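What follows is a short report on a single structure.
The values are calculated or read from the model by the stated rules, or taken from the named source; none is laboratory data. Every value quoted in this text rests on a predicted model; they were computed, and no experiment measured them. A quick note on method: Cβ atoms are made from the backbone with ideal geometry, for glycine too, and the neighbour counts reach across all protein chains shown. Areas reflect the complete protein model, heavy atoms only, side chains present, ligands, DNA and RNA absent. Shrake-Rupley method; radii C 1.70, N 1.55, O 1.52, S 1.80 Å.
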Amino acid sequence: MEMVTSPQSRSRRRLMLVVLLSVLAAAVIVGAVVVGRDTGILDGDPPAWASTLGGVLQLAGLALTIATIVWLVRSGRFRADRGSSLRRLSPLDIRSLQQQVRRGAPQDDADFGLLRATAQMMINQSWYSLMLVGFVITSFGQALLKFTPLFAGLFAALAALGVGAVAFAFRDARLAKAFLRAHPAPEGQDSHD
């Protein structure tokens, strides 16, 4: 017998899983720090090459993050969604719109202006992932400077999350562009942005 679940119950389970995994990760990190004080897991003496490369990577990651912020502000992408009608919607409604854009199959009663605004927002937000790349590079530099198992583990966790987030952001942008191509704005009708 197949059990039918509602989208709300699935999202609640997903939220509970994310909260549980976050609490578990925080507990592992705190435990590693507390236990690691006596075991030497926090005491690292990096070789000269690791220290030099770590410093260079930290500066490169910081430069990439700052350059991305400046570029986002100067290109207008930072303020692009400020006047959007999406700001008045609840997060649940925005997520529903994003799912419709990802699937490329709007519901029958869908407001195409809101869907197009959502797709444009998803395209604009993909560029924020460049800041995340800068943070990951900075974290790798920190791991090389500290040269300890704890910082290596923290970098590995952050890098895995960062790669996943960047991949999903650019996948969403690709799907949003496909949605905009498949559902062009009607002639003479203003969008909701």
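Would a scan of the range 134-141 turn up a residue that is of a type in the set (Val, Ile, Thr), at pLDDT 85 or above, under 20 Å from SER85 (Cα atoms) and surrounded by 18 or more Cβ atoms within 10 Å (Cβ to Cβ)?
Within the range 134-141, none of the residues are of a type in the set (Val, Ile, Thr), at pLDDT 85 or above, under 20 Å from SER85 (Cα atoms) and surrounded by 18 or more Cβ atoms within 10 Å (Cβ to Cβ).
Report the residue count in the range 85-119 for those that are over 10 Å from PHE179 (Cβ atoms) and among the β-branched types (Val, Ile, Thr).
Counting residues in the range 85-119 that are over 10 Å from PHE179 (Cβ atoms) and among the β-branched types (Val, Ile, Thr) gives 1.
Determine whether VAL33 is surrounded by 10 or more Cβ atoms within 10 Å (Cβ to Cβ), β-branched (Val, Ile, Thr) and at pLDDT 70 or above.
no
Only one of these is part of a helix (DSSP H, G or I) and either basic (Lys, Arg) or modelled with pLDDT under 75 (or both): ASP38, ASP43. Name it.
The conditions single out ASP38.
Select from the range 85-127 the residues that are of a type in the set (S, T, N, Q) and open to solvent by 50 Å² or more (accessible area, probe 1.4 Å) and list them in ascending order. Full working, then the answer.
Our first condition is that a residue be of a type in the set (S, T, N, Q); within the range 85-127, this holds for 85, 90, 96, 98-100, 107, 118, 120, 124-126.
Result: GLN99, GLN107, GLN120, GLN125.
To keep it simple, each residue is scored yes or no on (1) over 29 Å from LEU64 (Cβ atoms); (2) in contact (Cβ under 8 Å) with a residue 40 or more places away in the chain; (3) out of contact with any His (no Cβ under 6 Å at 6 or more places or on another chain).
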| position | (1), (2), (3) |
| --- | --- |
| LEU89 | yes, no, yes |
| ILE94 | no, no, yes |
| ARG103 | yes, no, yes |
| MET131 | no, yes, yes |
| PHE140 | no, yes, yes |
| ALA143 | no, yes, yes |
| THR148 | no, yes, yes |
| GLY153 | no, yes, yes |
| ALA178 | no, yes, yes |
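Residues being among the aliphatic types (A, V, I, L, M) and open to solvent by 90 Å² or more (accessible area, probe 1.4 Å): count how many of those fall in the range 147-190. Even if it seems obvious, please write down each step before you answer.
Let us first name the residues in the range 147-190 that are among the aliphatic types (A, V, I, L, M), namely 150, 152, 154, 156-161, 163, 165-167, 169, 173, 175-176, 178, 180, 182, 185.
Now restrict to residues that are open to solvent by 90 Å² or more (accessible area, probe 1.4 Å): 161, 163.
Counting residues in the range 147-190 that are among the aliphatic types (A, V, I, L, M) and open to solvent by 90 Å² or more (accessible area, probe 1.4 Å) gives 2.
For residues in the range 58-84 being free of Cβ contacts under 8 Å to residues at least 40 places away in the same chain and outside any helix (DSSP H, G or I), which is least open to solvent (accessible area, probe 1.4 Å)?
Once the filter is applied, the top-ranked residue is GLY76.
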